[in-house]
Amino acid sequence: MDIIEVRNLRLRAIIGFSSHELDMPQDIVLSLRIGLEERRAGETDDPNDAFNYRTIVKAIIQFVEASRFALLEKLAEEIARLAVFDFKAPHIEVSVDKPGALRRSDSVGIHVVRRPRDYQGNIAYLSLGSNISPKANIAEALIRLRRYTTVLRVSPVYLSPPQGFHEQEHFLNMAVKIHTWRSPAEFKSAVIDRIETELHRARDPQNKDAPRTIDLDISLWNDEVLEYGSKPWYIPDGEITRFAHVAVPLADLAPDYVHPVEGKSLREVADALDYKQMQRINLDFGLRAL
């Protein structure tokens, strides 16, 4: 294995949890060691045969400068994940240092080593919706998802008419692809319930279709068919085949994903539904969108 090294990339990011760190970008120093096979480039001397390190560095810079994390550990993990998932790196080492973080020390940092096998956990697809201050609440939900789990991709956002109870504002709807080591029940309690509580989700026992600050649901989990929790909840979510505002964003994320019950691709499922009243909205959340 060959190693491409990027040493001491100096960036600024919002990182930390103390009051003086929450809104003030700080200096961080980032180094990468990307393990791959470069023998062909060494033989041919052809730039087309070499790994384009500029592309991955540019993507990492954009990601870091749009990031907001409490811990260096989370930032390093997200950079490693980006290299493995987005750039197919077979081996990545990430060092992140925070200069001046500790008195009498040059810096405090972390070094992580990751390979594709380190991400053989669960891939899940979540559906999000909001019609109470929807732009703010969708954005806050994404911030918290990035904080509490690993976000891989986000779909476009759609303005969609309400279902069931029509005397309310339209919704913003989208989907998110995530990676997690948790089980569905653990993810529901540790991530979804936490975010809905933090965003003051209130449930009306007389109207399950009432307005809401945020609605988060597990739509798909790997390619499994299962039930979880005490309710219980079901995967795949039955709303995928019933409502365009659920199916269309999922199809944007994974058009070729085969619904494990229907045996059809998500694009086929979405195309069979009426989505004429949905309107795509251009919103930038600083995430890797389609």
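Computed from the coordinates by the stated procedures, all read-outs in this text should not be read as laboratory data. What you are looking at is a predicted structure, and each value in this text was computed from that prediction instead of being measured. When we count neighbours, we look across all protein chains shown, and the Cβ atoms used for this are built from the backbone with ideal geometry, even at glycine.
Among Q206, V176, I61, flag the residue with its Cα farthest along the positive direction of the charge dipole of the chain, charges on Cβ as +1 for Lys/Arg and -1 for Asp/Glu. After comparing all options, I get I61.
If the chain linking V225 and D193 were pulled fully straight, counting 0.36 nm for each residue of separation and taking away their Cα-Cα distance, it would gain 9.3 nm.
Rounded to two decimals, what is Rg over Rh for region 178-262 when you use alpha-carbon atoms and the Kirkwood radius? Over the Cα atoms of region 178-262, Rg/Rh equals 0.96. Residue exposure proxy: T197, T150, ordered by other Cβ atoms within 10 angstrom of their Cβ from fewest to most, comes out as T197, T150. Multiplying the residue separation of L9 and S133 by 0.36 nm and subtracting their alpha-carbon distance yields 40.8 nm. Using the alpha carbons alone, the radius of gyration of region 122-281 stands to its Kirkwood radius in an Rg to Rh ratio of 0.93.
Net charge dipole, the chain: roughly 640 debye, given to the nearest 20, about the Cα centre with Cβ charges of +1 for Lys and Arg and -1 for Asp and Glu.
The charge dipole of region 1-49, taken about the Cα centre with unit charges on the Cβ atoms of Lys, Arg (+1) and Asp, Glu (-1), comes to about 300 debye, rounded to the nearest 20. Cross-link partners of K98 among aspartates and glutamates, defined as those whose alpha carbon lies under 19 angstrom from its own and excluding same-chain residues fewer than eight positions apart: E21, D23, D27, E65, E73, E77, E78, D106.
Within 10 Å of each residue's Cβ, count the other Cβ atoms and sort L220, L152 from fewest upward.
Listing L220, L152 from fewest to most nearby Cβ atoms yields L152, L220.
Using the Cβ-Cβ distance between Q163 and L283 with R0 set to 22 Å, the FRET efficiency from 1/(1 + (r/R0)^6) comes to roughly 0.55. Working note: 222 nm ellipticity from helices only, DSSP H runs with n ≥ 4, each -39,500 (n - 2.57), summed and divided by the residues of the chain, gives -7500 deg cm²/dmol to the nearest 500.
Stokes-Einstein diffusion for region 66-215, with the hydrodynamic radius set to the Kirkwood value over Cα pairs and evaluated at 25 °C in a medium of 0.890 mPa s, equals 140 µm²/s.
Dividing the mean sequence gap of close Cα pairs (under 8 Å, 6+ apart) by how many residues region 1-125 holds gives a relative contact order of 25 percent.
The residues packed around Y228, meaning those with a beta-carbon under 14 Å from its beta-carbon, carry a net charge of -3 if Lys and Arg are +1 and Asp and Glu are -1.
Our note on the geometry: Cα centres of region 51-129 and region 261-276, 35 Å apart.
Pairing the Cα long axis of helix 244-253 with the longest principal axis of the chain, what angle in degrees results, from 0 to 90 and rounded to the nearest 10? Helix 244-253 and the main axis of the chain meet at about 20 degrees.
The residues R12, R68, R117, when put in order of fewest to most other Cβ atoms within 10 Å, stand as R117, R12, R68. Across A41, A59, A247, mean-square fluctuation computed from a Gaussian network of the chain (C-alpha pairs under 10 Å connected) peaks at A41. Would you mind checking the tilt of helix 53-65 against the longest principal axis of the Cα atoms of the chain, expressed as 0 to 90 degrees and rounded to 10? Approximately 60 degrees, to the nearest 10.
How many times 2.2 N^0.38 Å is the alpha carbon radius of gyration of the chain?
1.11
Taken over the C-alpha atoms, region 2-119 has Rg and Dmax values of 15.5, 54 angstrom.
The alpha-carbon of K276 sits under 16 angstrom from the alpha-carbons of these aspartates and glutamates, leaving out residues fewer than 8 places away in its chain: D252, E268.
Length gained on full extension, E38 to H170: 42.3 nm, using 0.36 nm per residue less the C-alpha separation. Helix 134-148 against the longest principal axis of the chain: what's the angle in degrees, Cα atoms only, rounded to the nearest 10? Once rounded, the angle reads 50 degrees.
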